[in-house]
Amino acid sequence: EKVIDIESGLKFNYEDLKFDINGFSMQFENEIAAIGQLSTIYGLPLRKNVPRSHRTGIETDLSLKLTDNITIENNSTFMNAIIDEYKTEYSGTTVIYKDVTPLITPHVISNTRFNYGTKYFNASLIGKYVSQSYLDNENTVKLPQYFVWDFVLQISAWNQLLDFRVNNITDQRYYTGGYVDATTGGPDYFIQMPLNFVGTLKLRF
């Protein structure tokens, strides 16, 4: 792979507000990209070099302190990714794709955290949004967008830590990956966990 990466950013700090914005343009030669097929042995995505591709976008990072205990944070990426042209073979047939979005490459990823913290107590509500992407080279089979909420509670005292997490609070049915079924031509998704709980206790002596 070869890439030319051009970036430019701006940082803004004013009292309790911090905001960073960064623009980038990445021009690839021979990028190793997924081609929409799975290995027959392990079921892993197959990849190959594509002659030219590019990714351009903006990254933002925001932190706002509302009070001594309450903060709001967000980091987001807005990106347009394009494979200029590549060829692949299905059953001995050559197929040429031009100006397509790479597989599982969403245009928007955004994470937001609402945090309340004291010396011994910290609680966070975390939201994650991922826009739709594609599972095939023709950009017709979609991986749906999703938005999920998680909750994290941490209590620390006497050098001990209790960490309790509630993941996918709203019990959303969502997918973070998948592939196109070779028989039906439709999507097969990798389903993520529904509402679940995780607790961790760290004891130090």
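Of all aspartates and glutamates in the structure, the ones whose alpha carbon falls short of 18 Å from that of residue 18, not counting any fewer than 8 places away in one chain, are 59, 61, 68, 73. Under the convention that each Lys and Arg Cβ holds +1 and each Asp and Glu Cβ holds -1, the size of the dipole of the chain around its Cα centre is about 560 debye.
Approximating the spin labels as points 7 Å out from Cα along Cα→Cβ, the residue 129-to-residue 62 distance works out to 1.0 nm.
Simple spin-label estimate for residue 22 and residue 110 gives 2.0 nm between the two label positions (7 Å along the Cα-to-Cβ direction from each Cα).
Once the C-beta distance of residue 12 and residue 155 is scaled by a Förster radius of 41 Å, the resulting FRET efficiency is 0.75 to the nearest 0.05. A straight Cα-to-Cα reach below 20 Å connects residue 202 with the lysines 119, residues fewer than 8 places away in its own chain not being considered. In this structure residue 166 has an accessible area near 20 Å², from a 1.4 Å probe over the protein heavy atoms. Ligands, DNA and RNA left out, the 1.4 Å accessible surface of the chain is 56% carbon and sulfur atoms.
Per the Debye formula with a single identical scatterer at each Cα and no solvent contribution, what log10 I(q)/I(0) holds for segment 53-126 at q = 0.21 Å⁻¹? Debye output, listed in q order: -0.92.
Just to be sure I follow the definition: excluding the sites themselves, where is the longest run in the chain that has none of the GluC sites (Glu not before Pro) in a DSSP loop with at most 12 other Cβ atoms within 10 Å? Please list the in-between numbers first.
Details: sites that count: 1, 15, 138.
Looking at the chain, 16-137 is the longest stretch - no exposed GluC sites (Glu not before Pro) with at most 12 other Cβ atoms within 10 Å.
Modelled this way, with points 7 Å down the Cα-to-C-beta line, the labels at residue 189 and residue 52 are 3.6 nm from one another. Probing with 1.4 Å while keeping every protein chain in the model, the per residue accessible area of the chain equals 64 Å². The residues neighbouring residue 178, those whose beta-carbon lies less than 12 Å from its own, together hold a net charge of -2 under the Lys/Arg +1, Asp/Glu -1 convention. Structural size metrics of the chain, computed from C-alpha coordinates, are Rg and Dmax of 21.3, 67 Å.
Using a Gaussian network for the chain with springs between C-alpha atoms less than 10 Å apart, which of these wobbles most: 14, 129, 179? Between 14, 129, 179, it is 14 that shows the largest mean-square fluctuation.
When +1 charges are put on Lys and Arg Cβ atoms and -1 charges on Asp and Glu Cβ atoms, the dipole computed for segment 1-76 relative to its Cα centre reaches about 500 debye. For segment 48-123, the set of trypsin sites (Lys or Arg not before Pro) satisfying both a DSSP loop assignment and a count of at most 13 other C-beta atoms within 10 Å is given as 119.
The values are calculated or read from the model by the stated rules, or taken from the named source; none is laboratory data. This one's a predicted model, so the numbers in the text were calculated from it and none came from an experiment. Using ideal geometry, Cβ is built from the backbone for each residue, glycine included, and neighbour counts are taken over all protein chains shown. These area figures cover heavy atoms from the full protein model, side chains too; ligands, DNA and RNA do not enter into them. Shrake-Rupley method; radii C 1.70, N 1.55, O 1.52, S 1.80 Å.
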